[in-house]
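Let me begin by presenting the structure, written as structure tokens, before commenting on it.
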Amino acid sequence: MGNSDWTISAFGVATDGSLSSIGTYSAGSPAISPKAVAINPVYPYLYATNDGDSSPTITAFKINNGGSLSFVSAYSSSSQMYLPLKMAFSPDRNYLFVVDQQTSGSNSTGAVTVFSVNPSTGALTYKSLVSTGNSFGYDIAMHPNGNYLYTSNPYSYAITEFSVSSGTLTKQKTFASFPYCSTSSDTHGPYGLAVSPDGNYLYAESTYGVVFSFDISGGTFTNYKSASGAGVAFSTDLTLSPNGKFIYVGEVARVNYAYACSSGSFSTIGNYSAGIAMAVSSDSKYLYGANDAGKCVSAFAISSTDGSLSALATSSYSLGTTTPSRSSSTRPDPGGGRGPRGRATVPEPGDALLILRRIIVNMLNCKYA
């Protein structure tokens, strides 16, 4: 994602963690910038959120045998989406939830757009749009029991919790008390989110490189548990290994911080140069990082004992050339061009080649021949 022609890149993953290129696929035209992808492993479809100059879209692709993609359709509605970003499926894969950075050009409040998914065709049908009540939606995470959904709202220094019933969202509460997240300094609130496989903990990270954990054993917030952090400049991506043991945080300077997590507590593993956005294979053996500077994918083996990273024999795979700049005149920043309170704006995930977010782990889960 983020190539010179606004494409999505697909890779095959071998048992030794090495990658092989399958192909590149257009996200749409004109000037559509893909921001994030989500794969439905039950019904073999891939969805990409796109920030087009004229209108935002969600593009649907069928995943063929061998992992190649075939365009299905593009859903577009400026009245129901404005800046769509991350996505999450319900556990039964019948609903797709899309976090929207803001609800209109003049309203910086984040929202979640809900779609039902046609299992036969992959087509999306609009169901509802629900405001988070907090500024700037960024990430989204579903509880494994399917009854709760969480969104991060960094400009409000908040995490919003929704209950879920048959695709219907009801806002429950907002948690907005984060250590090291100061409204008076250049320190944003929570960005990346992840839920532990057992559903007991919600993990979040702030742009200051601080990782947090919350007790959500019943699905809803009960208490804040712990925090740990490296005090980095600007981190916007959190990746949890599928076995729930290790957390990796991506930072704009392309330095990655790794933590071991146990019962909601953290211990530092180390720091690496893996890329700004990451994905971990479904067996938790390999990590892949999107490197926006080199326009490539970096590949690492993960130590099963301590979560440390070591580069694979072939550790870099090309994605293409530099992404051209695109006017943002029709997509103003929620903070009026400088971010909230006059701070620098956040780098957009598409600019960080966020295609790796979840795509490799889900391709392994799908096991296409």
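The values are calculated or read from the model by the stated rules, or taken from the named source; none is laboratory data. Nothing here was measured: the structure is a model prediction, and the numbers come from that model. Backbone-built Cβ (ideal geometry, glycine too); neighbour counts: all protein chains shown.
How many of the residues in region 262-318 are out of contact with any Pro (no Cβ under 7 Å at 6 or more places or on another chain), outside any loop (DSSP other than H, G, I, E, B) and of a type outside the set (Phe, Trp, Tyr)?
Final tally of qualifying residues: 28.
Quick check on residue 129: is it part of a strand (DSSP E or B), buried (at least 17 other Cβ atoms within 10 Å of the Cβ) and modelled with pLDDT of 90 or more?
Criteria not met by residue 129.
Which of the residues spanning region 161-189 are within 18 Å of the chain's Cα centre (by Cα) and either modelled with pLDDT under 90 or of a type in the set (A, V, I, L, M) (or both)?
Within region 161-189, 188, 189 meet the criteria.
Regarding region 248-262, can at least one residue be identified that is in contact with a helix residue (DSSP H, G or I) (Cβ under 9 Å, 6 or more places away or on another chain), modelled with pLDDT of 65 or more and over 24 Å from residue 308 (Cβ atoms)?
Checked region 248-262: no residue is in contact with a helix residue (DSSP H, G or I) (Cβ under 9 Å, 6 or more places away or on another chain), modelled with pLDDT of 65 or more and over 24 Å from residue 308 (Cβ atoms).
What is the residue count in region 269-293 for residues that are farther than 13 Å from residue 315 by Cα and in contact (Cβ under 8 Å) with a residue 60 or more places away in the chain?
10
Cβ-Cβ under 9 Å, sequence separation 6+ or interchain: first residue in region 146-158 and closer than 17 Å to residue 211 by Cβ, partner assigned to a helix (DSSP H, G or I). Which pairs?
Listed pairs, sorted by first residue: 154/340.
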